Amino acid sequence: MDDSQVSVPDPIDLPWSRFVALGDSFTEGVGDPEADSPGGLRGWADRFAEVMAQHNEDFAYANLAVRGKLIRQIANEQIDAALELRPDLISICAGGNDVIRPNTDPDEVAAELERAVERLRSGGATVMLFTGVDVAFQPVFRSIRGKVAIYNENIRRIARRHDCVVVDQWALEELQDARYWSGDRLHLNALGHHTIARAALDALNVPHDLVPQDPPPLPSLTWRQARRGDIVWAREHLVPWVLRRIRHQSSGDGIEPKRPDATSLRGARHGSAEPASDVARNSVGAEPQES
């Protein structure tokens with residue numbers, strides 16, 4: 001889409017002025033590198049907050065998410081810090097790292113999430129939850145599709161009980177396309193994070209100028225080239241992930257939140273919709289981050 005065709009919506013009065021994002025690599029922005037962003041990552045939450053700041057120049061945003069965190073760690077390490085910032089809008093995407101592990105019970109993970117939501121809702125803030133992605137398109141995760149679906153139903157039930165907003169990733173057909181994912185096949189790339197930012201804004205009925213993007217075509221690969229790529233992926237991403245599980249290590253060990261304080265985004269360099277070519281270019285060839 002040509003930049004001249006993008007119509008920036010008129011500012012509106014938002015019911016929210018202070019947003020705090022909690023979670024793991026998904027919310028930290030892993031897979032969407034941006035040298036000028038805190039922590040070197042942009043991600044859906046930054047993109048979402050930038051649009052919110054178009055409507056309110058004093059809109060404040062903090063991001064406490066750290067990659068690799070399990071739901072209990074997120075609850076123990078991020079909730080009190082979030083509440084101290086006195087937000088009126090909170091997002092929490094948690095439990096994905098738990099659900100993908102062998103022998104975990106999605107109902108037990110959901111019970112942890114509900115306890116977290118109860119604490120977050122205690123101050124009256126709007127809470128935004130996220131379902132998991134339909135992993136049917138990813139052969140390595142296809143076997144846990146049922147666990148993800150069960151967890152998603154629990155998330156929807158929690159949202160109804162506690163009057164939360166749900167961003168339904170399972171329903172986003174774009175995310176069934178490998179071109180929306182980074183090279184590690186676990187994290188979204190710039191296109192994917194752009195898509196989630198749009199979905200979150202839509203879930204809150206916030207006008208925005210983020211438009212669907214056309215991903216670049218996939219390279220044509222022979223069967224042998226594709227299998228060679230699978231071997232490289234397993235060596236560079238799958239094996240290290242398994243070794244961390246065996247050693248009880250996390251990719252988030254020693255990493256601090258990239259935006260620990262709620263600050264204004266006034267003057268942020270990403271103030272409006274990017275041309276499709278820019279988002280697509282940013283999603284190609286980006287260095288994947290550790291999960």
Problem - Rg to Rh quotient for segment 1-129, alpha carbon positions, Kirkwood Rh - result: 1.02
Handout entry: Per residue accessible area in Å² of segment 45-147, where ligands, DNA and RNA are left out and the probe is 1.4 Å
Key = 38 Å²
Problem - Semi-axes of the equivalent ellipsoid for segment 146-218, Cα gyration tensor, largest first, Å - result: 24, 18, 8
Exercise for the section: Would you kindly derive the ³J(HN,Hα) couplings of segment 71-82 from the backbone phi angles with the Karplus curve 6.51 cos²θ - 1.76 cosθ + 1.60 (θ = phi - 60°), listing them in order in whole Hz, with x for Gly and Pro? Expected result: 5, 5, 5, 4, 4, 6, 9, 10, 5, 4, 4, 5
Practice task
Please work out how much length the chain gains when fully extended from residue 203 to residue 140, using 0.36 nm per residue of separation minus the C-alpha to C-alpha distance, in nm with one decimal.
Solution key: 19.7 nm
Fill in the blank from the handout: The Kirkwood hydrodynamic radius of segment 78-222, taken as the inverse of the mean 1/r over all distinct Cα pairs, in Å, comes to 16.5 Å
Completion exercise
Expressed in nanometres to one decimal, the distance between label points 7 Å along Cα→Cβ at residue 156 and residue 101 is 2.7 nm
Completion exercise
Expected unfolding gain across residue 12-residue 218 under the 0.36 nm per residue rule, minus the alpha-carbon gap, is 70.2 nm
Practice task
Mind jotting down the three principal axis lengths of segment 106-166 based on Cα atoms? Whole angstrom, largest first.
Solution key: 42, 20, 15
Practice task
Once every Cα of segment 6-69 carries one equal point scatterer and solvent is ignored, give the base-10 log of I(q)/I(0) from the Debye formula at q = 0.12, 0.14 Å⁻¹, two decimals.
Solution key: -0.33, -0.44
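The values are calculated or read from the model by the stated rules, or taken from the named source; none is laboratory data. Note that this is a predicted model, so its numbers are computed, not measured. Don't worry about glycine lacking a Cβ; one is built from the backbone with ideal geometry, like all the others, and counts go over all protein chains shown. Heavy atoms of the whole protein, side chains included, go into the accessibility calculation; ligands, DNA and RNA do not. Shrake-Rupley method; radii C 1.70, N 1.55, O 1.52, S 1.80 Å.
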